[in-house]
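Here is the structure we will look at.
What follows is calculated from the coordinates using simple rules that are stated; it is not laboratory data. Just so it is clear, the model here is predicted, and its values are computed rather than measured. Virtual Cβ from ideal backbone geometry, glycine too; neighbours counted across all protein chains shown.
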């Protein structure tokens, strides 16, 4: 059988006050906190090749031709999801009839 414990209002009030304080601190933190990458996501060359179904050589050609922007970190190349989206939009050909 389950037991139900009744809490008096006088016992519940300090708990609710602490929750209000915590809520204010979380709201203040979220207002003053800026995300490190401002919502951008980054893909490695392997991940981007899989997504676009292309080989790494094709991706290297896009980089060499300046068609696709990238970040060249020591030992790692990263692509911004917004740069990839822009690249795809520039190469979009609408259907014609």
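Descriptive notes on the structure:
- 63, 51 arranged by Cβ crowding within 10 Å, fewest neighbours leading: 51, 63
- Residue order, fewest to most surrounding Cβ atoms within 10 angstrom, among 29, 96: 96, 29
- Cα-based helix-to-principal-axis angle, 9-32 vs the chain, degrees rounded to 10: 20 degrees
- If R0 equals 41 Å, the separation of the Cβ atoms of residue 44 and residue 18 corresponds to a calculated FRET efficiency of about 0.40.
- Taking Cα atoms only, the orientation of helix 81-90 departs from the longest principal axis of the chain by about 40 degrees.
- Over the chain, DSSP H runs of length four or greater, each weighted -39,500 (n - 2.57), average out per residue to a 222 nm ellipticity of -16500 deg cm²/dmol.
- Principal semi-axes of the equivalent ellipsoid, √(5λ) from the alpha carbon gyration tensor of the stretch 42-90, are 14, 12, 11 Å from largest down.
- Here the chain is described by how far its Cα atoms reach on the three principal axes: 71, 37, 32 Å, from widest to narrowest.
- Packing-based ranking, highest mean first, of 15-23, 39-47 given that Cβ atoms within 10 Å are counted: 39-47, 15-23
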